[in-house]
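Below: the structure, in structure tokens.
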Amino acid sequence: MRRREFPPDGATSKGVYVFVIDDIIWLETVVEKLAWKHNVLTSEAEEVLVGDCRIFKKENGKVEGEHLYNALGKTTGGRYLSVFFIRKLDNKALIVTARDMNRRERNRYETK
């Protein structure tokens, strides 16, 4: 996994979060769900995370410092994806799910 460097930790003025992701963690159950329910490949979700995405905090995690985030981004194939992940304390992203963006997410993504 290529190291994804965001600007310094924390939220920007528009609530967009920025930080470092060193690696992506995939659970087999999540990979299977993405394939049959959302028709999303792991490579597409990873492409969003290492590309030009916008990240928003969705909710606080059960473990201090491990919160749920939503990355909105576009693949090189032109697909707009919404990727939900937990940022682990060791700068790894545990993917929870990924799907096509809805209209509200698309509007939020495009107002960069």
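Please treat every number below as a calculation from the coordinates, not as lab data. Just so it is clear, the structure is predicted and the values come from calculations on it, not from any experiment. Using ideal geometry, Cβ is built from the backbone for each residue, glycine included, and neighbour counts are taken over all protein chains shown.
Take residue 110 and residue 76, extend 7 Å from each Cα along the Cα→Cβ direction, and tell me the distance between the two endpoints in nm.
For residue 110 paired with residue 76, the spin-label model returns 2.4 nm.
Given just the C-alpha atoms of the chain, how large is their convex hull per residue in cubic angstrom?
That works out to 106 Å³ per residue.
Kindly put 43, 82 in sequence by how many other C-beta atoms sit within 10 Å of each C-beta, fewest to most.
If I rank by nearby Cβ atoms, fewest first, I get 43, 82.
Taking loop as defined by DSSP and a crowding limit of 14 other beta carbons within 10 Å, which trypsin sites (Lys or Arg not before Pro) in segment 59-107 fit?
62
Taking 7 Å along the Cα-to-C-beta vector as the label spot, tell me the residue 59-residue 29 distance in nanometres, rounded to one decimal.
It works out to 1.6 nm between the two label points.
Out of residues 5 or more away from residue 67 or on other chains, whose amide H comes under 5 Å of its own, with H placed 1.01 Å from N in the peptide plane?
61, 87
Normalised by the residues of segment 10-110, what does the relative contact order come to in percent, with Cα pairs under 8 Å and at least six apart?
Dividing the mean separation by the residue count of segment 10-110 yields 27 percent.
Can you give the longest run of the chain that contains no GluC sites (Glu not before Pro) sitting in a DSSP loop with at most 12 other Cβ atoms inside 10 Å?
Within the chain, the longest run free of exposed GluC sites (Glu not before Pro) spans 6-63.
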